[in-house]
Amino acid sequence: MGQTDVPQMFQSLEPLPPDPILGVTAAFRRDASPLKVDLGVGVYRDVAGNTPIPAAVRAAERAVIESQTTKTYVGPAGNVDFNERIVGLALGPLAGPLRERIATIQTVGGCGALRLGAELLKVARPDAIVHVSDPTWANHEPLLGSSGLRLERYPYYDAARHEVAFDAMLGHLTGLPAGAVVLLHACCHNPTGVDLTLEQWGAIADVLEKRGLVPFVDLAYQGFGDDLETDVVGLRTLAARVPELLLALSCSKNFGLYRERTGALAVLAPNGGTAIAVATHQARLARRMYSMPPDHGAAVVARLLAEPALREDWQREVAAMVSRMQSLRALLAGKLEERLPGRDFGWLRRQRGMFSLLGLDAAGIARLRDEHHVYVPPDGRMNVAGISDGNVDYVASAVARLLG
Ligand SMILES: Cc1ncc(COP(=O)(O)O)c(C=O)c1O
């Protein structure tokens with residue numbers, strides 16, 4: 001049989017449309033205009049427009065490389081010291097008392113944690129439904145849904161008021177049956193920038209506890225909202241009260257380790273025995289998908305968190321990133337208020353993290369790109385860190401023209 005007669009495996013495949021967020025970066029790169037501005041992909045940028053490696057992370061990297069004596073396998077759970085320390089950073093004083101009830105596995109970034117968590121839910125309760133916020137980060141539904149779990153949305157964002165639609169959210173959760181899973185953004189909600197207040201977290205914890213709902217908390221931006229402690233008060237409120245919780249941790253943004261793919265999935269079980277069982281399932285899932293995570297990023301984070309001086313330097317660097325993002329928010333809000341007198345952009349100042357929704361419809365987003373060379377993903381999410389002193393007037397004028 002000639003080669004042309006052999007039925008081809010991949011000929012049935014048609015090219016897919018670009019990823020909603022990564023596609024924006026590709027389109028931005030193709031644009032030859034000197035005016036172009038990338039407010040798309042969610043990476044932090046400094047004054048010069050670069051995504052830096054924090055100096056404390058570099059120092060920890062050097063220490064890791066100098067002291068490393070082997071590259072042998074780390075095992076499916078990854079770097080156990082990292083697992084312990086990153087959970088400690090998230091849970092603070094609760095980490096000790098809850099230790100026996102927590103099973104943690106190092107993952108391929110926060111995405112890997114979300115996907116492994118979904119696979120674990122699928123094993124434990126194949127008919128579980130995961131409720132995600134409306135809207136949510138564009139990769140949440142693909143990551144969780146690809147495990148085969150059913151997904152639904154709960155109301156979250158009041159677009160007119162640029163706030164959490166809290167009564168609607170609480171109403172939805174109150175109507176859920178026991179065993180439903182609720183995906184919550186710990187802080188810096190992506191894409192809206194609006195977070196729950198401490199009081200609202202308390203009310204959510206009441207409902208989850210009373211109704212037997214399982215929180216799946218996504219913590220991808222610890223330290224990027226207010227500070228490393230304030231950003232996790234909601235998570236800690238839940239962890240102190242509910243019997244079961246999943247926590248997806250990412251070190252991409254706050255440690256600047258994006259490409260090192262560093263994260264963890266921590267599962268809080270009702271008791272120590274169940275935690276041991278969970279750990280065996282986490283390890284088997286990892287073994288069957290990719291066997292073991294990469295080591296470098298986790299070794300760096302473990303080293304940094306273990307050394308008080310490095311940890312302090314890093315905290316200062318994270319605080320500087322936050323203060324830059326908050327001042328960029330204030331700067332843009334002020335420029336928009338100058339151009340659109342009588343319109344209030346206080347919400348832009350109040351929101352937290354890298355993202356806010358501009359409130360443009362699909363046509364507005366296309367005009368922003370085609371007429372002004374300003375790039376945001378299809379949901380209109382703006383990465384505040386993409387703004388700089390050099391482009392803020394240009395961006396404000398373009399946005400004001402479309403909002404006006
Ligand atoms: C809300 C949210 N969760 C999780 C992640 C996962 O990040 P990574 O897989 O790069 O650690 C991101 C990254 O953009 C995110 O925005």
- Message: With a 10 Å cut-off between alpha carbons and a GNM built on the chain, which of 70, 104, 262 moves the most?
- Response: 70
- Query: Out of residues 5 or more away from residue 187 or on other chains, whose amide H comes under 5 Å of its own, with H placed 1.01 Å from N in the peptide plane?
  - Reply: 220, 221
- If we sort 374-386, 11-23, 48-60 on the protection proxy, mean other Cβ atoms within 10 Å, highest first, what's the order? 374-386, 48-60, 11-23
- Task: Please express the shape of region 249-310 as an equivalent ellipsoid: the semi-axes are the square roots of 5 times the eigenvalues of the C-alpha gyration tensor, given largest first in whole angstrom.
- Result: 25, 16, 10
- Note on the structure: Sorted on mean Cβ neighbours within 10 Å (highest first), peptides 185-191, 27-33, 171-177 come out as 185-191, 171-177, 27-33
- Note the per residue figure in Å³ for the convex hull of the C-alpha positions in region 204-287. 100
- Task: Take peptides 340-350, 294-304, 226-236 and line them up by average Cβ neighbours within 10 Å, highest first, as a rough protection proxy.
- Result: 294-304, 226-236, 340-350
- Query: Is the chain rounded, prolate or oblate when judged by the Cα gyration tensor, a ≥ b ≥ c being the square roots of its eigenvalues, rounded requiring a/c under 1.5 and prolate requiring a/b larger than b/c?
  - Reply: rounded
- Message: Taking the Cα centroid of region 201-246 and of region 327-404, what is the distance between the two, rounded to the nearest whole Å?
- Response: 30
- Note on the structure: Answer in debye to the nearest 20: the dipole magnitude of the chain about its Cα centre, from +1 Lys/Arg and -1 Asp/Glu charges placed on Cβ, is 420
- Query: Using Cα pairs under 8 angstrom and six or more residues apart, how large is the relative contact order of the chain, in percent?
  - Reply: 25
- Query: Where does helix 392-403 land angle-wise versus the long Cα axis of the chain, in degrees 0 to 90, nearest 10?
  - Reply: 80
- Message: Quick query: amide H of residue 131 versus all other amide H atoms, modeled in the peptide plane; which residues come in under 5 Å with a sequence gap of 5 or more or a different chain?
- Response: 152, 181, 182, 183
- Query: For helix 308-339, what angle does its Cα long axis make with the longest principal axis of the chain, in degrees from 0 to 90 and rounded to 10?
  - Reply: 30
- Message: Shape verdict for region 327-395, please, from the Cα gyration tensor: rounded (a/c under 1.5), prolate (a/b greater than b/c) or oblate.
- Response: rounded
- Message: Would region 1-131 count as rounded, prolate or oblate if I go by the C-alpha gyration tensor, calling it rounded below 1.5 in a/c and otherwise prolate when a/b exceeds b/c, oblate otherwise?
- Response: oblate
- Note on the structure: Computed over the chain: longest principal axis from alpha-carbon atoms vs helix 80-91 long axis, angle to nearest 10 degrees, is 50
- Item | Residue-averaged 222 nm ellipticity for the chain, from DSSP H runs of 4+ at -39500 (n - 2.57), nearest 500 | -14000 deg cm²/dmol
- Message: Report the gain in length on full extension from residue 150 to residue 12: 0.36 nm times residue separation, minus Cα-Cα distance, nm rounded to one decimal.
- Response: 47.0 nm
- Message: Give me the dipole magnitude in Debye, nearest 20, for region 281-341 about the Cα centre, with unit charges on the beta carbon: positive for Lys and Arg, negative for Asp and Glu.
- Response: 360
- Return the long-range amide H neighbours of residue 374 (sequence gap of 5 or more, or a different chain), with a cut-off of under 5 Å between placed amide H atoms. 37, 369
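Values quoted throughout were computed directly from the atomic coordinates according to the rules given, and no laboratory measurement underlies them. Nothing here was measured: the structure is a model prediction, and the numbers come from that model. A quick note on method: Cβ atoms are made from the backbone with ideal geometry, for glycine too, and the neighbour counts reach across all protein chains shown.
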